[in-house]
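The structure appears below as structure tokens.
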Amino acid sequence: MIGAFARSSTARRALVLVLFLPMLLAVKRPAGLGDVADVRTWSHDDYTRVVVEMTRPVGEIDVKRLTANRKAGRPDRLYLDLPKIWVGRDFEEGIPIGDGLLRGVRLGQNTLTTSRLVIDLERYARHRLLVLRSPHRVVIDVYGDRKRSDVGIGESRTQRTPNGRLSIPLRRIQTVVIDPGHGGKDPGAIGVGGLREKNVNLRLSKMIGQRLEKQGFDVVYTRKDDRYLSLEERTVMAEAAKGDLFVSVHANASTRRATRGIEIYSLDENHERHSLDVAARENGVSRSEVDSLQRAMAKLHVHENSEHSVALANAVHGQLLPGLRKKYKSVPDLGVKKGPFYVLFLSSMPAILLESGFLTNKYDARLLRSESYLRSMADHIAQGLTDYRQRGRQIASSGAAQ
């Protein structure tokens, strides 16, 4: 099977690799290698996500594409090598998908110290790759025109993004995905008096959602109870729901007990120094590992999302801080910032991450325990999202009039 994985220039080389496979796997496993813990896939209308979870990091890797070899019966495929990872025979039968975009996924031992992942393609437009930590995993999203008839009458294909959706300025803003950060085995930050971030996030998220529904939005929650979800699971849910806006709700923490206030983040490869600390905590990685995320983002097209996400962050900020200060005058405004957050990066819609206050500050912790304060915060966040939708309608109407 490994012969099908390896890129061969001749049939002879492929035959040698096939014959070599039983010998390779009969050799004792080298010491110091990590294992493939799991392989997961999700299929949706305009993309398929493949996740390989491992017991150790793999460093920087690249995805390569091989065109179809019709004579050998091989389809178009993507492949990548996982150094210092042992898979042996665990996934040698492969994982069939057959969703109109991917035929299947195969994983095998390419050399004694390297495993190879192969994705057999049915259709393909582009892909994106991200290497995540805690746990260690590789995420590959493959986009393509799964449905040939999804272009409406009078609608050109140039109006659609590579993942098949209308470009952001042309979308009708209807569905808001609310993502209460952390949950289950991941409590998030723990603050004054044992206040847990995951609980604050869930309470505030539900309040925001209730208010949005009254404003006529459709609301999708990534979680509605105390459960753990990986970052890719959260964004898969958002993409599956065809969300128009994504709001990730968090609470902050600092080693400086005096630090307090509210800040709102949008995604960008550029950042302020403080945002690295926040991103490291919310991404579940060390600060030094955030730099590799920024390099990955720099290779991808995040500019359209970034522009609209900044506008969304400003709209929410414009309602939230002035609104709260009418009743809670001492709430510090830490502003609108940019940062490299995995959960925002994995989303293809305008997305923001809200830090509702510092659990490690006694004043903020007291406020975040208060039902009336959370209700007030939810009121103003919902109004900010409504303002953003209204501005979008006005721009669309102005463009149509011209």
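The values are calculated or read from the model by the stated rules, or taken from the named source; none is laboratory data. If you're wondering where the values come from, they're calculated on a predicted model, not measured in any experiment. For neighbour counting, all protein chains shown are included, and Cβ atoms are generated from backbone atoms with ideal geometry for every residue, glycine included.
Here are a few things to note about the model shown:
- The residues in region 337-364 that are at pLDDT 95 or above and either surrounded by fewer than 21 Cβ atoms within 10 Å (Cβ to Cβ) or acidic (Asp, Glu) (or both) can be counted, and the count is 4.
- From Val219, Val131, Val192, Val139, residue being at pLDDT 95 or above and either over 19 Å from Leu359 (Cβ atoms) or aromatic (Phe, Trp, Tyr) (or both): Val219
- Residue, surrounded by the most Cβ atoms within 10 Å (Cβ to Cβ), within region 95-116, restricted to residues that are of a type in the set (Gly, Ala, Ser) and free of Cβ contacts under 8 Å to residues at least 40 places away in the same chain: Gly104
- Test result for Tyr328, out of contact with any strand residue (DSSP E or B) (no Cβ under 6 Å at 6 or more places or on another chain), assigned to a loop (DSSP other than H, G, I, E, B) and surrounded by fewer than 24 Cβ atoms within 10 Å (Cβ to Cβ): yes
- Scanning region 240-251 for residues that are in contact with a strand residue (DSSP E or B) (Cβ under 7 Å, 6 or more places away or on another chain), farther than 23 Å from Leu368 by Cα and not basic (Lys, Arg) yields a count of 4.
- Options Asp120, Asp35, Asp76; residue that is surrounded by 20 or more Cβ atoms within 10 Å (Cβ to Cβ), outside the structural domain of Phe341 (by TED's automatic domain parsing) and over 20 Å from Tyr342 (Cα atoms): Asp120
- Scanning region 131-149 for residues that are buried (at least 20 other Cβ atoms within 10 Å of the Cβ) and in contact with a strand residue (DSSP E or B) (Cβ under 7 Å, 6 or more places away or on another chain), we see that the one that is farthest from Ile85 (Cα to Cα) is Tyr143.
- Contact annotation: residue pairs with Cβ atoms under 8 Å, 6 or more positions apart or on different chains, pairing a residue in region 325-344 that is more than 25 Å from Ala258 (Cβ to Cβ) with a partner that is in a loop (DSSP other than H, G, I, E, B) and not small (Gly, Ala, Ser), are Pro340/Asp268; Pro340/Glu269; Pro340/His271.
- Being among the basic types (Lys, Arg) and on the phi > 0 side of the Ramachandran plot is a description that applies to Lys84.
- Sole exception among (1) assigned to a loop (DSSP other than H, G, I, E, B); (2) out of contact with any helix residue (DSSP H, G or I) (no Cβ under 6 Å at 6 or more places or on another chain) for Leu344, by number: (1)
- Residue in region 40-53 that is exposed (fewer than 15 other Cβ atoms within 10 Å of the Cβ) and more than 14 Å from Val118 (Cα to Cα) present: no
- In the condition set (1) at pLDDT 90 or above; (2) under 27 Å from the mean Cα position of the chain (by Cα), Pro332 is compliant with all but (2).
- Within region 177-207, the set of residues being closer than 12 Å to Asp225 by Cα and among the charged types (D, E, K, R) comprises Asp179, Lys198, Arg203, Lys206.
- Of all residues in region 205-260, those satisfying the criterion of being assigned to a loop (DSSP other than H, G, I, E, B) and over 21 Å from the mean Cα position of the chain (by Cα) are Gln215, Gly216, Phe217, Ala253, Ser254, Thr255, Arg256, Arg257, Ala258, Thr259, Arg260.
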